[in-house]
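Chemist: So that we are looking at the same thing, I have put the structure below in structure tokens.
The values are calculated or read from the model by the stated rules, or taken from the named source; none is laboratory data. This one's a predicted model, so the numbers in the text were calculated from it and none came from an experiment. Cβ placement follows ideal geometry from the backbone for every residue including glycine, while neighbour counts extend to all protein chains displayed. To get the accessible areas, we keep the full protein, side chains included, count just its heavy atoms, and leave off ligands, DNA and RNA. Shrake-Rupley method; radii C 1.70, N 1.55, O 1.52, S 1.80 Å.
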Amino acid sequence: MRSNSNHYRNHPQINKGLKFVIFPTNTKILWWDFLMILVVFYYAFSIPYHFGIGGGYAVITNMRFFIFQLCLDGLFIIDSILVFFRAYRDVDGRIIFYHRSIARNYIKSGWFFINFLASIPTLLISYIQYPNQEYLLEGLHSNGVRFFFFLGLFKMFRFIGMKRRIRHLLDTSEFASGLWVKVNITTAKMMEFVVLILLLTHWLGCIWGFIAFVEVGSWDEESMMSTPNWMGNWQKITTIPGGLYALGWENHTGRYWLCMFWASQTITSIGYGDISPVTTAEYAVANFLMLCAGIFWAYVIGSLVEIVANANKLNRDCITRMDDASQMVCDFAAQKLPEKMTGSTAGVKASKRVRLFLANERDHCTKTPLMKRMH
């Protein structure tokens with residue numbers, strides 16, 4: 001790929017246009033993609049948490065964390081601009097490096113509008129509206145602030161495009177591709193499903209917590225207790241000294257573990273029944289989430305079975321071949337072939353000797369590590 005970019009640069013007619021073009025094999029842009037993958041994964045966990053569990057309290061009451069979030073918003077803005085300078089491959093595999101073609105493709109793809117909305121510094125706008133309030137709790141009750149928090153959910157759409165970036169890294173980066181080759185495929189698939197299960201559980205838990213927030217309109221303790229909702233009802237029933245307390249703006253951590261507990265037992269079909277909906281909206285959302293969780297869990301179980309089955313495929317193939325050979329020996333013995341064909345010695349039948357050999361080979365196939373057998 002690098003030879004292609006160098007070839008283009010040797011043409012004076014297009015050398016000027018290539019000055020600000022970033023080619024797919026550029027080492028710095030590969031590291032940038034890796035950074036953005038980490039940022040998007042962070043947002044996939046943090047945005048649902050702050051939107052559905054914390055209500056924005058943890059973000060705007062901690063200055064260090066607030067600055068950290070602003071820096072990440074800045075990375076999104078830079079990444080959205082860099083796309084206008086990144087060469088890409090068309091359907092025929094040719095590298096398109098003209099700026100107009102790059103911009104046209106970027107806008108037509110629809111990602112420009114998604115990236116534009118995702119790059120809006122919603123946190124900064126919300127903070128500017130209420131700069132002088134100690135905890136900004138009045139700002140969290142404002143419809144304008146809630147709108148900007150809702151607009152921040154567009155950052156989640158960037159998660160959809162991460163598969164393309166990960167594939168580009170594996171195909172282009174020597175370091176990433178070399179690391180991927182060393183990883184056992186079964187292990188990689190298992191890790192992928194673990195991350196997927198954690199992510200979906202996190203999302204379901206945050207949605208379930210957000211429903212209680214919508215029903216009440218606040219995480220305030222008094223409001224949660226006086227307004228019908230599943231969380232306030234659970235707290236009234238289970239409150240004991242030293243136990244988990246989920247109400248109040250500052251108790252977002254305990255609230256999160258309570259919501260994760262509900263999501264975990266819903267996905268795994270355990271269903272203790274100690275957390276149940278109260279209002280009509282909560283019942284409707286709970287039914288929808290349980291249906292989604294059931295479908296997802298069936299998919300996970302089926303995929304895990306397939307992964308384990310493929311991991312033992314070599315052993316199964318070896319055992320099948322041994323069984324076929326053993327059956328062939330039995331057929332030979334039944335035909336009472338001459339000793340010069342069976343090779344029997346010292347009074348031991350050929351079928352018995354071969355079956356002992358096959359049994360040893362079968363044990364060897366099932367106990368010897370895969371890489372040793374391949375060598």
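Chemist: Please sort 165-175, 208-218, 113-123 by packing, taking for each peptide the average over its residues of neighbouring beta carbons within 10 angstrom, highest first. Before the final figure, lay out each step's value.
Modeler: Working: 165-175: 14.5, 208-218: 20.0, 113-123: 18.0.
Most protected by this proxy first, the peptides run 208-218, 113-123, 165-175.
Chemist: According to a simple spin-label model (label point 7 Å from Cα along Cα-to-Cβ), what is the distance in nm between Leu151 and Val194?
Modeler: Computed distance between label sites Val194 and Leu151 equals 3.9 nm.
Chemist: Ok, one more. Determine, for each peptide in 293-304, 261-272, the mean count of other beta carbons within 10 angstrom over its residues, then list the peptides with the highest first.
Modeler: Values: 293-304: 13.5, 261-272: 16.0.
Most protected by this proxy first, the peptides run 261-272, 293-304.
Chemist: Distance in nm between label sites at Tyr283 and Phe68, each 7 Å beyond Cα in the beta-carbon direction?
Modeler: That separation, rounded to one decimal, is 4.2 nm.
Chemist: Pull up all non-local amide H partners of Tyr88: gap of 5 or more, or a different chain, and H-to-H distance under 5 Å with H placed in the peptide plane.
Modeler: Ile96
Chemist: Still on this structure, please answer the following. Taking H placed 1.01 Å from N in the peptide plane, check which residues at least 5 places from Ala246 or on another chain put their amide H under 5 Å from its amide H.
Modeler: Here nothing satisfies the definition.
Chemist: A follow-up question, please. With every protein chain kept in the model, how would you rank Val21, Val91 by accessible area, 1.4 Å probe, largest at the top? Working shown, then result.
Modeler: Details: Val21 15, Val91 145 Å².
Listed by decreasing accessible area, they come as Val91, Val21.
Chemist: If only Cα atoms are counted, what is the Rg of the range 184-300, and what is its Dmax, in Å?
Modeler: Looking at the range 184-300, its Cα Rg and Dmax stand at 15.5, 54 Å.
Chemist: Going by average Cβ density within 10 Å per residue, which order do the peptides 25-36, 189-200 take, highest to lowest? Don't skip to the end; give the middle numbers.
Modeler: Working: 25-36: 16.2, 189-200: 14.0.
Ranked from most to least packed, the peptides come out as 25-36, 189-200.
Chemist: Per residue of the range 209-224, in order, report the coupling 6.51 cos²θ - 1.76 cosθ + 1.60 (Karplus, θ = phi - 60°) as ³J(HN,Hα) in whole Hz, putting x for Gly and Pro.
Modeler: Once θ is set to phi - 60°, the couplings for the range 209-224 become x, 5, 4, 5, 5, 5, 4, 9, x, 5, 9, 4, 4, 5, 5, 5 Hz.
Chemist: Hey, if we sort Arg255, Arg104, Arg94 by accessible area with the 1.4 Å probe, largest down, what's the order? Write down the numbers at each step before the final one.
Modeler: On the way: Arg255 0, Arg104 115, Arg94 140 Å².
Descending accessible area places them as Arg94, Arg104, Arg255.
Chemist: Of Val285, Ser218, Ile237, which is farthest towards the positive pole of the range 184-300's charge dipole, taken about the Cα centre with +1 and -1 on the beta-carbons of Lys, Arg and Asp, Glu respectively?
Modeler: Going by the Cα projections, it comes out as Val285.
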